[in-house]
Amino acid sequence: MWVRELETILEATRQLLEAIAQGEYCCLHHGLPYVTPGLLANQAFCEMRLELGFLSGEVEAPRKPSDARVLVEAVLQARRLLPRKLVERLALSTPVAALLQNVPVIGRPHAILLAHGRVEAIVIGKITSRPSRLYHSDRVKLYAYAQLLEAAGFRLTPGTKLVLAAAHSPRELAEALKVLENEIKPASLGNSYIHVLAHDPAAEEELLAPLLAYWRGEKPAQPRPGPWCSTCPYRSKCPANMAHQALR
């Protein structure tokens, strides 16, 4: 029965969360015990901006191992809610933890949609002023969740869909997420949008590799110059901006 597979996966997540909470993982860049898909997405927007934010103490991120223990009860609750009889489809909401390229990653997608034990879709939601746009950072976040679930033991297939529901407001986001209960496909729903990517393990691993190398301390932070630099709060400290100013 595939529900037992889910019990095994959730137990492995619980054990990893407990290990992180006990301080067994402590040596990532900036002293973090783990990272999240959201943190990887922020890093993808501009790694140097994230680096300077950490150095200034203005970036909020997992700061102590015991933060992971708070998620253990959520995992146990998800396990208690698993059906005791065979079902064809299941929507699961639970924290997931695994090692991605030797980096502990913890995340909780809005929903994991399963059909006959295989992941049909991974769904995350986002409130944004431009819901019609799928940004590079959104792709990184979706890819991180796909890799996270696969590393945790979930059965993903080439048909697994990575879904971002984006909207202007929480109400519109809730409406967009409700649409996904019946059909999973790209859609424009008034002021909300559903973006769908295909699961591609090779592309996901390649995209995430340099981001994860940063957390292992194997590469320095890289700036990502663009129009956003003019409003960056760290532009006066950014090596790329300082080099640009020196050439003027």
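The values are calculated or read from the model by the stated rules, or taken from the named source; none is laboratory data. Note that the structure is predicted; figures quoted are calculated from it, not measured. Virtual Cβ from ideal backbone geometry, glycine too; neighbours counted across all protein chains shown. Each accessible area value is taken on the protein alone, full model and side chains, heavy atoms only, with ligands, DNA and RNA left out. Shrake-Rupley method; radii C 1.70, N 1.55, O 1.52, S 1.80 Å.
Key figures
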{"quantity": "In Å², nearest 10: area of residue 230 left accessible to a 1.4 Å probe", "calculated": "80 Å²"}
{"quantity": "Charge sum, other residues only, whose C-beta stays under 13 Å from residue 111's C-beta, Lys/Arg counted +1 and Asp/Glu -1", "calculated": "+2"}
{"quantity": "Qualifying lysines (Cα of each under 16 Å from Cα of residue 185; at least 8 residues distant if same chain)", "calculated": "161"}
{"quantity": "Accessible solvent surface per residue of the range 92-248, calculated while the other protein chains remain in place, 1.4 angstrom probe, Å²", "calculated": "49 Å²"}
{"quantity": "Segment residue 55-residue 157, extension gain: residue separation times 0.36 nm, minus the distance between their alpha carbons", "calculated": "32.7 nm"}
{"quantity": "Between the range 74-99 and the range 189-204, the Cα center-to-center distance that results, in Å", "calculated": "23 Å"}
{"quantity": "Tilt relative to the chain, helix 170-179 - C-alpha long axis, 0 to 90 degrees, to 10", "calculated": "50 degrees"}
{"quantity": "Label selected from [x] 212; [y] 99; [z] 134, the criterion being volume of the Cα convex hull per residue in Å³ as computed here", "calculated": "[z]"}
{"quantity": "Rounded FRET efficiency, nearest 0.05, which uses the C-beta distance separating residue 74 from residue 224 and R0 of 35 Å", "calculated": "0.55"}
{"quantity": "Spacing of the two label points (7 Å from each Cα toward its C-beta) at residue 178 and residue 93, in nm", "calculated": "1.5 nm"}
{"quantity": "Student exercise, the chain dipole from Lys, Arg, Asp, Glu Cβ charges, in Debye to nearest 20", "calculated": "420 debye"}
{"quantity": "With every protein chain in place, the chain: carbon and sulfur % of accessible area (1.4 Å)", "calculated": "53 percent"}
{"quantity": "Charge context of residue 164, other residues only, Cβ under 12 angstrom, K/R +1, D/E -1", "calculated": "+4"}
{"quantity": "Between the range 1-56 and the range 128-177, the alpha-carbon center distance in angstrom", "calculated": "18 Å"}
{"quantity": "Sequence-distant aspartates and glutamates (8 or more away, or on other chains) whose Cα lies within less than 14 Å of residue 219", "calculated": "47, 51"}
{"quantity": "Residue 203 paired with residue 118, simple spin-label distance in nm, labels 7 Å along Cα-to-beta-carbon", "calculated": "1.9 nm"}
